[in-house]
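The values are calculated or read from the model by the stated rules, or taken from the named source; none is laboratory data. Keep in mind the model is a prediction, meaning the values are calculated, not measured. For accessibility, only protein heavy atoms count, side chains too; no ligands or nucleic acids. Shrake-Rupley method; radii C 1.70, N 1.55, O 1.52, S 1.80 Å.
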Amino acid sequence: MSYDPPHPSYTYPWQPVPPGPPRPPHRPHRAPLGHHSDLRMLRSAYRWQRRTATLTALGYFTLFLLLSACAPGFMTSTVADGIPAGLLLALLQLPVTWLAIVLYEHTARRHVDPLADHIRRAAELDARRGAGR
């Protein structure tokens with residue numbers, strides 16, 4: 001009865017097994033997530049969201065400052081019951097800020113969140129595919 005070693009390239013059990021031929025790299029059937037066009041769309045939607053909310057709040061405040069500096073006659077004119085227009089416009093700053101917050105939330109729910117959820121699902125799918133190898 002003869003002894004056949006498990007690998008023919010060595011004769012002693014303490015010698016390491018030589019490495020096999022290199023495996024070709026795995027190529028996914030689609031582009032990796034980092035190069036995906038959805039990330040560009042998400043950045044664009046988020047940028048639009050920030051601009052909308054920022055321009056709403058800062059635009060009103062800038063208008064208020066410009067009117068205060070360039071049209072003091074308008075700002076000191078009375079609107080109703082002796083309330084100056086400047087005071088009324090200053091009091092409207094808080095509701096305009098709330099409006100900016102509501103616009104930010106609305107654009108997030110309508111445009112940004114669905115894209116982020118889609119990318120998250122694609123990343124989870126890629127991770128599951130990578131773990132299955």
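For the stretch 57-74, the Karplus equation 6.51 cos²θ - 1.76 cosθ + 1.60, evaluated at θ = phi - 60°, returns couplings of 6, 6, x, 5, 5, 5, 4, 4, 5, 5, 5, 5, 7, 9, 10, x, x, 5 Hz by residue, with Gly and Pro reported as x. Annotation: Thr52 carries an accessible surface of approximately 30 Å², with a 1.4 Å probe and no ligand, DNA or RNA atoms counted. Computed 3J(HN,Hα) for the stretch 82-93, one whole-Hz value per residue from the Karplus formula 6.51 cos²θ - 1.76 cosθ + 1.60 where θ = phi - 60°, is x, 7, x, 4, x, 5, 5, 5, 5, 5, 6, 4, glycine and proline marked x. If a/c stays under 1.5 just call it rounded; otherwise compare a/b with b/c (prolate if a/b is bigger, oblate if not). Do that for the stretch 48-104, with a ≥ b ≥ c from the square roots of the Cα gyration tensor eigenvalues. Verdict is oblate for the stretch 48-104.
Accessible area, 1.4 Å probe, largest first: how do Val96, Val102 sort? Write down the numbers at each step before the final one.
Values: Val96 25, Val102 95 Å².
My answer, sorted largest first, is Val102, Val96.
These residues, Phe64, Phe74, go from largest to smallest accessible area, 1.4 Å probe, as Phe74, Phe64.
Which translational diffusion coefficient, to the nearest whole µm²/s, is obtained for the stretch 39-133 from the Stokes-Einstein equation, given a Kirkwood hydrodynamic radius over C-alpha pairs, 25 °C and 0.890 mPa s?
Translational D for this selection: 150 µm²/s.
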